[in-house]
Every structure is written in structure tokens, then in C-alpha cells.
Amino acid sequence: MRKKIVAGNWKMNMTLDEGQKLTSEIVNMFKDEAVTDVIAVLNPPFPHIFPVKKLIGDTPGIALGSQNCSNKESGAFTGEVSAKILASFGVEYVILGHSERREYFKEDNELLAAKVKQALANGLTPIFCCGESLEIRMAETHESNVKFQLTASLFDLSPEEMAKVVIAYEPIWAIGTGKTATADQAQEMHAALRRHISSKYGRDLADSISILYGGSANPGNAKELFSKADVDGGLIGGASLKSRDFLDIIKSF
Ligand code: PEP
């Protein structure tokens, strides 16, 4: 059985008070509405890590994630945050390779491979993002493009390491645009990625990996997306900033 995961990516939003209010609401609703079987991962900006962890406490089913980590282990890298530091604060997941980091911070496949290694070496679960631009989708080369992102950043991992990775397929043209991939488009790509992982690591391992969909997912479309055989959850941007919407997405399974 694959893990069902709904991860909220707060991006660069939320002051301290806003973040605490949002977290408290999510934790309370999660408990009151007795959500089971789904792991909710909150991925706030770095300064929120400590207070959000305190609010989550040991609530079963809710985990703390980060939006990035360094490719370096430790040392003189001003402004960076290592996987080891994050783990020491109770962080369990880390989003890596988000298209905004690839585009605005020029993170390439090689750098991402190093970040994935750092995350795994420190016990964090990478939520590895991949996805194509609109241009690539129009040229109908999206499948090979996205498969290559996996090959280049993940396929040097041992099977034991690979088994710990979560994948998030996020078509860039759907992120923050209100334009969602159809459930069939998501399923098609998720199945292709699973076959690709299987070609390198075998069927059993590929079948055990959770593949999340990201890109304008909301309470109105999550049910259909999550009904697809290879869609194991979502990476949620905008809708994760509203507790009710985030919970309704979580409850769409
Ligand atoms: C994201 O940034 O990972 C994302 C999916 O954003 P949104 O849900 O706002 O499209």
C-alpha cells in the first residue's frame, strides 16, 4: 500500500501570527474530523519550522516539511540551511526541485541530485518535484522531458535510497495559474513515471513510491485527481494557505 500524502507548500507567505493560526486550525480540524490514512505535510518557510513543530506536536498523521535544503553538509555557506539542521528540528520531509527553485534560483539536475543525497543521509524524505513547461507540453515532448529529470537527479540512488523518495509531478503551466492538468493527463504522466522507475528499479519498488500531483489543485478538483490509480496525493500551493480548503483536499481521498 502506497502512502497517501497531501503536502502544503506555503511558499514565501505567512507572518509568524498567520502561520501559527493556520497551523492551529489545520491541527484542530485534522483531529476533530478524524482524518485517517492520509499524511498531511506542512512545508512553511524556514523561520516557522520551530513554532509549527511545537503546534503539530505528536499529532498522528501530520508531519513537518521544509521547502528546501542545502546541497552541502555544513560549514561556511551563509544563508543556507542544511538537512542535518532541519532534521534536528523535527523536520521529516523536504521539497526539492520545485519549478520556482529551478527557474528563479537556477537549480539544475546535478545540484538537485546532491540535495536529495543530503536529505536522505539525514533521514529526511525528499518530495522531488518534476514537470514540464507549456512549451514542452505543446511540443509533445513532456514525457521524455520529465523522465529525464528523474534519471538525472535520482537514478544514481541505491534501491534502498530510491524507495524513500516521494515524487511530485507538477506541470509548470498549472502551478498558481488556476489551470489544472486534467485527471487523465495527471494519470498518464504518473503511470509513465512509475514505468520509468520500474525500468531502473523494478516493479515492486516503483509500485511502492508515492507520486503526488501539483498544480492548482483545490477542493473542487482533488477528488477526481485522487481517484486515479497512480495519483497518491497532492502538493498544494495556494489552497494550502486556507485551512478549510487544505482539509477538504486532504479529505478528498
Ligand atoms: C506548488 O507550488 O507546488 C503548487 C502546486 O502551487 P498551486 O497549488 O498554487 O498551483
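The values are calculated or read from the model by the stated rules, or taken from the named source; none is laboratory data. Bear in mind the structure is a predicted one, so any value in this text is a computation, not a measurement. As a convention, Cβ positions derive from the backbone with ideal geometry for all residues, glycine included, and neighbour counts pool all protein chains shown. SASA here: full protein model, heavy atoms, side chains in, ligands and nucleic acids out. Shrake-Rupley method; radii C 1.70, N 1.55, O 1.52, S 1.80 Å.
Below, the figures for the structure above:
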quantity	calculated
Selection within segment 193-227 - away from the ligand (no atom under 13 Å from the Cβ) and either under 25 Å from MET12 (Cβ atoms) or surrounded by 17 or more Cβ atoms within 10 Å (Cβ to Cβ) (or both)	LEU193, ARG194, HIS196, ILE197, TYR201, ALA206, ILE209, SER210, ILE211, PHE226
Only listed residue being in contact with a strand residue (DSSP E or B) (Cβ under 6 Å, 6 or more places away or on another chain), polar (S, T, N, Q), within 30 Å of SER252 (Cα to Cα) and within 16 Å of the ligand (Cβ to nearest atom), chosen from GLN149, GLN185	GLN149
Selected residue [more than 18 Å from the chain's Cα centre (by Cα) and under 17 Å from SER70 (Cβ atoms)] from LYS106, LYS117	LYS106
Residues that are open to solvent by 10 Å² or more (accessible area, probe 1.4 Å) and in contact with a His (Cβ under 9 Å, 6 or more places away or on another chain), drawn from segment 37-88	GLN67, ASN68
Candidate set: segment 172-182, residues that are farther than 20 Å from THR151 by Cβ and out of contact with any strand residue (DSSP E or B) (no Cβ under 9 Å at 6 or more places or on another chain); chosen: the one most open to solvent (accessible area, probe 1.4 Å)	LYS179
Segment 126-143 - residue that is more than 16 Å from the ligand (Cβ to nearest atom) and not in a helix (DSSP H, G or I) and, of those, surrounded by the most Cβ atoms within 10 Å (Cβ to Cβ)	THR141
Hits in segment 189-219 (condition: in contact (Cβ under 8 Å) with a residue 12 or more places away in the chain, farther than 16 Å from LYS164 by Cβ and either small (Gly, Ala, Ser) or out of contact with any helix residue (DSSP H, G or I) (no Cβ under 6 Å at 6 or more places or on another chain) (or both))	MET189, HIS190, ALA191, ALA192, LEU193, GLY214, GLY215, SER216, ALA217
Among the candidates SER66, SER99, residue that is of a type in the set (S, T, N, Q), touching a residue at least 60 places away in the same chain (Cβ under 8 Å) and in contact with a strand residue (DSSP E or B) (Cβ under 9 Å, 6 or more places away or on another chain)	SER99
